[in-house]
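Any read-out appearing in this document is the output of simple, stated calculations on the displayed coordinates, not a laboratory observation. From a predicted model like this one, the values you see are computed outputs, not experimental measurements. Positions of Cβ are generated from backbone atoms using ideal geometry, with glycine treated the same way; all protein chains shown enter the neighbour counts.
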Amino acid sequence: MRFFISSELKKNDFLKIIIIFTTIFFLFLWLTNILLYMQIGFSYNGIVAYYLGNEEIFRPAKSYIGLLEEAHFHFFSMAILLVTLTHIMLFTSLSSGWKLTLIIVPFTSSFLEIISGWLIRYISPIYAYLKLGSFIVMQASVLILMVIIFIYLFRKSD
């Protein structure tokens, strides 16, 4: 555990291998997340139809239990993903401002992406724009974190 709270992170080859494999798994999670989102669609109408239903294509509205199960899993999994990536990012030589941004942006966009389905379903379909925007920002920020970690691990000095 001491390697996760000191600058010795890059000095331990075994820990470095673990971080590399973990980041590769996260990269595949990132990719499959995009592929799954394609089932909803990257459009206002596609997102609204996913949550409110569409009789023309026989798609029922997302149920309360469906939303609850989805939120339950995503709150946990995104917390684990983001705490891991942001924690490792803290060891880089980025400025405090960048570090703060790279903590706040992915957590906030992930939270908004998760709750926006509820907002679409129970408040207004206009929140489909929030869903799409927060998804894009979340995916971009997670990718940036992974790239920063790979650069950090393979750079000679930091």
Task: Computed magnitude of the charge dipole of the range 11-154 (debye, nearest 20; Cβ of K, R +1, Cβ of D, E -1) - done: 300 debye
Open item on the list: Among (1) 36, 14, 13; (2) 23, 19, 14; (3) 27, 16, 14, only one was calculated for this model; which label is it, if the read-out is semi-axes √(5λ) of the Cα gyration tensor in Å?
Closed with: (1)
TODO: Using +1 at the Cβ of each Lys and Arg and -1 at the Cβ of each Asp and Glu in the range 11-154, identify which of Ser109, Ile20, Gly41 lies farthest towards the dipole's positive end.
DONE: Ile20
Open item on the list: 7 Å from Cα along Cα→Cβ at both Ile144 and Ile17: what's the point-to-point distance in nm?
Closed with: 3.3 nm
TODO: Relative to the longest principal axis of the C-alpha atoms of the chain, give the angle of the C-alpha long axis of helix 96-122, reported between 0 and 90° and rounded to the nearest 10°.
DONE: 20 degrees
- [ ] Multiply the residue gap between Leu68 and Leu36 by 0.36 nm, knock off their C-alpha separation, and tell me the result in nm, one decimal place.
- [x] 9.7 nm
Task: Candidate lysines - alpha carbon under 18 Å from Lys131, same-chain residues fewer than 8 apart omitted - done: Lys62
Open item on the list: To make sure I understand the rule: partners must be aspartates and glutamates, Cα under 18 Å from the Cα of Lys11, and not fewer than 8 residues away in the same chain. Which ones qualify?
Closed with: Asp158
Task: Ile126 versus Ser93: modelled label distance in nm, points set 7 Å from Cα along the beta carbon direction - done: 4.8 nm
